Amino acid sequence: MSGSNGEADLAPRSPSVDDLVGWEFVPQPAAVPSPLANDAPVWVDEHPPAQPGWSKYGLGGMLAGAGVLVCCAGMLVTSQLARLPADDVAVPVIAVVISVISLVLLVLSGVVSVFVGMLRESSAVVAWRRDRQETFRLAQISWAEAVRAHDEREQFRTSTGPVLFPITLQGNDQIDVFGGTATGWMCLLTTLSLPRLGGGAKILVLDFSEYQVAGGLAQIVGEWGRHVRTHELPAALDQFALLQGLPPDHLAEVLAESLTSLRKDHQDAASLRRLDVRLIKAVASRLDGPTTFARLVAGMRLLCRLNLPDEGSLSNEERRALVGCIDDMVSGDREVEELRFLIDQFDLLAHPGEGQRGNTPLWPESGLTVISAVSPLDSRRDMTERVLSHLVLHQLRDDRGGAAPNVLVVAGADKLGAPSLESLSRQTRRLGVRLLLLFEHLREDAGKLLGKPGSVTMLMQLGNPEEARIAADFIGRDYQFSLSQITKQTGENLTHGSSQSWGDSQSRSLTNSLSGSDGESSTWEADSGRLFSPDSKSRSTSTDMGVSDSQTFGSSWQDAINKSLTITQSEGTTVARGYEYLVEPVVIQRLDPTAFILVNAGQEARRWVDGDCDPTIVGRDGVSPVPYRDAIPAQY
């Protein structure tokens, strides 16, 4: 583990969510376009409705009717004038004038009628179109306003909506934390403890990490005015009487079990443990005064016939009782050797003023109690941690009145053996106490707790590659499609060829012809007594014969050369289905100090989640007051 021993500068507002362990980042879904975005109003051209007759031709019809009446009147006057004497010159003129006037009035009335109708129709159409345009404009404004309001709501949601949701645990499940840094453990303890302390819970922290990981939490709780106790053992043994009040048989079991983990690989560990119980019980049962480590060491030295460093540590009655049992308890070298081993171990915790300043209980009466094992000697610190953890385990087993704390934290639990860890887990589950175990590494006995029923596993930064691989295997694998191969092929094919051809030709033609003609002619002349008489007569015969012979010779040749170049290119990708890590080991190695991966093996819907335990997150913007599963249950 890396980190400093100083207290973390942590002063956040107290979270209000119970059973809080951190926050998960869930980005807000992207803005959703308005469902009306593609339904903008569309202008559709329509023909204006037909106008009724009176509205279309009202005034024009009246004018036309008036013109017809005038024409009729003119015709009537003309017919009357026609009855006047014909020699009256004025009569034709008047008749013509009246006819012309009637005709003009008739034409004018028709023209006016059409013009007025068109004017009224144009006005109605203009008003109708104006109404449609206004209706379309209002529809566009209403649509744009609806889309804008939706976009503003989505923008407000994505910019101000919560993105950090609390991660809470249901019930009193045990939390096993593997890996992490001093800063990460400080932040986790602060985030986990502040809501519970605000609700009046009692928390006991056993800090075996040597990093004072509860220092920041104690500082904040003290600033709140809550009850805080911090002790460093074995230096503060004068305030504790750890062994007082324990019956000899219980005391012997607790101390013998504390030493068992030191010899877990010894082939005779079980018999040595029974011997330890017998020797410790023999000494403790013969001590009439308060039982302390110094007095136990003095009694064991007496059994080994060694000089006592403090003659006043045992009373005369106690000395006589111990001397009287030497022959029964120490029968050989094996007992003497084991007594010397016990003396060496318990002498590490022998404090001259043990319990003289009071008997401070291990269990916190209220608020926060932090007990740390601090010593420059590794053996003394190690013995303090073992005895302290088994005393706490014994008090858990012996608890009948609900005095146990609500939360028990063991920082640096790597040093406890698997049997002790399992007993702690079993007893806290029985009493309903939340147990938080902080392991620096994921190996040996700690790895056996992975996926234990009734517990959740929290994986923090694990720099060791092997430990990161074990953690990744525990998170799990799943079938995934991934790009496995990219191929690119280029080929060229060059073809070169040539051909030659040649040939000769010869032809011959032979033609024979034979022709002939035969003719006869006579001449007739008119003669007296006869109409015609022959004058002369001739005959001719001709024959022709011909022979034709022709020959043709020819030669031909051809040379051809051809070349062709073919270029082919092909590219391909191969996607393979593989059984891959859900979280790669390198990701676990590179986690931020306050980041973690929470794995709940008993939760099927959501098996793992990554989060952050930085307690200052509660004061940031975009933090939801309720978990994600409650805020958006449909997406959980």
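The values are calculated or read from the model by the stated rules, or taken from the named source; none is laboratory data. All values reported here derive from a predicted model rather than from experimental measurement. Because the Cβ atoms are built from the backbone with ideal geometry, glycine has one as well, and the counts that use them run over all protein chains shown. We work out accessible area using only protein heavy atoms, side chains counted, and drop any ligands, DNA or RNA first. Shrake-Rupley method; radii C 1.70, N 1.55, O 1.52, S 1.80 Å.
Quick notes
- Across the stretch 161-192, the number of residues qualifying as in contact with a strand residue (DSSP E or B) (Cβ under 8 Å, 6 or more places away or on another chain) and either surrounded by 24 or more Cβ atoms within 10 Å (Cβ to Cβ) or part of a strand (DSSP E or B) (or both) comes to 18.
- Check on residue 431, over 21 Å from residue 373 (Cβ atoms), touching a Leu at 6+ places or on another chain (Cβ under 7 Å) and of a type outside the set (Lys, Arg): yes
- Flag for residue 497 being surrounded by fewer than 10 Cβ atoms within 10 Å (Cβ to Cβ), touching a Lys or Arg at 6+ places or on another chain (Cβ under 9 Å) and not aromatic (Phe, Trp, Tyr): yes
- Within the stretch 434-489, tally of residues that are surrounded by 14 or more Cβ atoms within 10 Å (Cβ to Cβ), of a type in the set (Asp, Glu) and farther than 17 Å from residue 590 by Cα: 1
- Meets criteria (surrounded by 22 or more Cβ atoms within 10 Å (Cβ to Cβ) and modelled with pLDDT under 90) for residue 364: yes
- Enumeration of residues in the stretch 280-300 that are within 17 Å of residue 345 (Cα to Cα) and part of a helix (DSSP H, G or I): 280, 281, 283, 284, 293, 294, 295, 296, 297, 298, 299, 300
- Contact map, the stretch 283-302: first residue under 17 Å from residue 240 (Cβ atoms), second residue modelled with pLDDT under 85 and of a type in the set (D, E, K, R), Cβ cut-off under 7 Å, separation 6 or more or different chains; pairs are 292/354; 293/354; 294/354.
- Test: residue 348 is modelled with pLDDT of 80 or more, within 25 Å of residue 212 (Cα to Cα) and not polar (S, T, N, Q): yes
- Unique match (being among the basic types (Lys, Arg), at pLDDT below 85 and surrounded by fewer than 17 Cβ atoms within 10 Å (Cβ to Cβ)) among 334, 305: 305
- In the stretch 126-142, the residue that is farthest from the chain's Cα centre (by Cα) out of those that are open to solvent by 70 Å² or more (accessible area, probe 1.4 Å) and in contact (Cβ under 8 Å) with a residue 40 or more places away in the chain is 129.
- Restricting attention to the stretch 265-290, the residues being open to solvent by 20 Å² or more (accessible area, probe 1.4 Å) and either within 23 Å of residue 397 (Cα to Cα) or in contact with a Phe, Trp or Tyr (Cβ under 7 Å, 6 or more places away or on another chain) (or both) number 8.
- You will find that of 259, 237, the residue that is at pLDDT 85 or above and either open to solvent by 10 Å² or more (accessible area, probe 1.4 Å) or aliphatic (A, V, I, L, M) (or both) is 259 and no other.
- Residue match in the stretch 44-52 (condition: at pLDDT below 60 and surrounded by 14 or more Cβ atoms within 10 Å (Cβ to Cβ)): yes
- Residues (more than 13 Å from residue 386 (Cα to Cα) and of a type outside the set (Gly, Ala, Ser)) located in the stretch 407-423: 407, 408, 409, 422
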